[in-house]
């Protein structure tokens, strides 16, 4: 049996899995990242996870490659994590260090690119040649998988759709710009908008759910979904606006690259139709008729595991390509 | 010597040229399209142009392939012109018909894609792996050339940046949508905006240049450049807004695909820095710092001939690829 290992390095947790050729995840482990212990400690932890996963396999079965998804700017050709803010990494030679420790071929890439790759080849984009994926979470990022290949662009920076300036949005963004899509349309952005409105005295059922929590620190995107289901006007307005803005940014991206399917994932996608309905309405309303016909806009199928599936299958594909050379 | 032929089919003229491997155009002819005579007549005319070009070559030299750029929706794999509004074409089997008449391998693609390919491999984008090109003319369209390959997308529709909705723009577009970039930021859009302002009584030096022409029918984009050089406030406002809007649309496209160079061509690019300065200012102001560093925004080098150069060199490349199979 031919398996590979996918690792998704997040700011909070590292998730690793053994993935079959079909995309099925047959083993999975999750460990805290503890990024403040430094990059060496995180690389050791990844090494431990890989060892644990390999030891769990049946006799005679082993992984052929390891794919690692890393947030931020990644140089996949050089094998470097150029910059990962939430890990505190800058120019960490991940491939060299991991190959030394693990003894298997290691492939790295940006985590969103690998997530979308996973959805493109073994999830909601399966069977489509042109996939645009977007993850709506703490931030918003996109990736393009075209004819089975991740589209990287110059400095591998393609997909920074979360920082497109949106009209009518004025919030400062952590990137230094203002009016970025993700300031109001990411899961965190929605929560931030809601907290602000609540602190400004806006009426909402959410007010009753956080007695004594004047900063509404406990509020999450899941609360917004629940409040929306109870007909709450504030939650509905925030979610609807986020859906519309995502739809608007995706319309511009879609007319630029012409995807066959747009896959929406990340924590924000857990809102389902609450977010997808305004997103789709806005998107389809802005597209040229030829784009409207045939373009599918769907939720990710493996929201939790697309990262490790994509990392594992991409490592497998890259290894086979280099074998073929 | 190894040469190929490029043909650029426009609504008014067909231009054909013999192109060397280097991109040098060594012969060129131009004939009226006369599209209302029907697609068969236009295909015959292309055939005549190819014959004339081949006959002009020195003994022992012949073209190895013909590339044809066609406006509108093209299916390059099927060899079909799906829809070309200004030619009145719908599902014309261009490759089959031309190969029958010419007896050489024929490759077709969308005219803007081939124009940008020409600039990418033998013009202002030479040496860059990730090229985004935009043509600002009657309409606005873009194309992506990535690692030497034209990016097509689903139904080969990538690049319809002219129909991205821009805030603050309300004009109806011929496509059926409203607020499309090209309604005000194309060369035609700029002229239309200026005529409208003049008819509404706006002061401008342009008023003196068209005595008795109450509809300002003779006004062209070139007049706007001239008026701007004389310090005319109306022309300056129209051109500056067009530059800004193009810059804004390009910023969103750039963060989506991360080009290394953006090439600006088409009739509107003849305005040079008058258009490029507001375009660059807006674009760079909207980009994430990592995108700002290293991204070049330049005028096309072969504005008049990039279409035939790209068509010829792309046909050559495609033919060599299929030989290699």
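General observations
- Taken together, the residues in segment A:154-179 that are more than 9 Å from every other protein chain (Cβ to nearest Cβ) and in contact with a helix residue (DSSP H, G or I) (Cβ under 8 Å, 6 or more places away or on another chain) amount to 4.
Residue by residue, here is whether (1) buried (at least 19 other Cβ atoms within 10 Å of the Cβ); (2) in a helix (DSSP H, G or I); (3) modelled with pLDDT of 95 or more holds:
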residue	(1), (2), (3)
A:211	no, no, no
A:219	yes, no, yes
A:226	no, yes, yes
A:238	yes, yes, yes
A:243	yes, yes, yes
A:246	yes, yes, yes
A:254	yes, yes, yes
A:264	yes, no, yes
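- Residue B:119 meets all of the listed conditions (1) touching a strand residue (DSSP E or B) at 6+ places or on another chain (Cβ under 8 Å); (2) within 14 Å of another protein chain (Cβ to nearest Cβ); (3) over 30 Å from residue A:167 (Cα atoms) but one, namely (2).
- Among the residues of segment B:235-249, just one is facing chain A (nearest Cβ under 10 Å) and either over 14 Å from residue B:132 (Cα atoms) or in contact with a strand residue (DSSP E or B) (Cβ under 7 Å, 6 or more places away or on another chain) (or both), namely B:248.
- Yes/no for residue B:195 being in the same structural domain as residue B:239 (by TED's automatic domain parsing), in contact (Cβ under 8 Å) with a residue 24 or more places away in the chain and surrounded by fewer than 24 Cβ atoms within 10 Å (Cβ to Cβ): yes
- Residues (in a strand (DSSP E or B) and closer than 25 Å to residue A:248 by Cα) located in segment B:147-198: B:165, B:172, B:178, B:180
- When segment B:2-21 is filtered for residues that are over 14 Å from residue B:313 (Cα atoms) and either without any contact (Cβ under 8 Å) to a residue 24 or more places away in the chain or surrounded by fewer than 17 Cβ atoms within 10 Å (Cβ to Cβ) (or both), the ones remaining, listed by number, are B:11, B:12, B:13.
- Filtering segment B:126-146 to residues that are over 25 Å from residue B:24 (Cβ atoms), away from every other protein chain (no Cβ under 12 Å) and part of a strand (DSSP E or B) leaves only B:136.
- Residue check, residue A:201 farther than 28 Å from residue A:145 by Cα and either within 14 Å of chain B (Cβ to nearest Cβ) or assigned to a loop (DSSP other than H, G, I, E, B) (or both): yes
- Breaking point among (1) out of contact with any helix residue (DSSP H, G or I) (no Cβ under 7 Å at 6 or more places or on another chain); (2) away from every other protein chain (no Cβ under 12 Å); (3) free of Cβ contacts under 8 Å to residues at least 60 places away in the same chain, for residue B:297: (1)
- Residue A:260 vs. criteria in contact (Cβ under 8 Å) with a residue 60 or more places away in the chain, touching a helix residue (DSSP H, G or I) at 6+ places or on another chain (Cβ under 6 Å), farther than 17 Å from residue A:188 by Cα and surrounded by fewer than 20 Cβ atoms within 10 Å (Cβ to Cβ): yes
- Of B:148, B:176, all but one fail to be touching a residue at least 40 places away in the same chain (Cβ under 8 Å) and not assigned by TED's automatic domain parsing to the domain that holds residue B:93; the exception is B:148.
- Segment B:22-37 - residue that is touching a residue at least 40 places away in the same chain (Cβ under 8 Å) and outside any strand (DSSP E or B) and, of those, nearest to residue B:150 (Cα to Cα): B:23
The values are calculated or read from the model by the stated rules, or taken from the named source; none is laboratory data. Predicted model only: the values in this text are computed from it and were never measured. Every residue, glycine among them, receives a Cβ derived from its backbone with ideal geometry; neighbour counts consider all protein chains shown.
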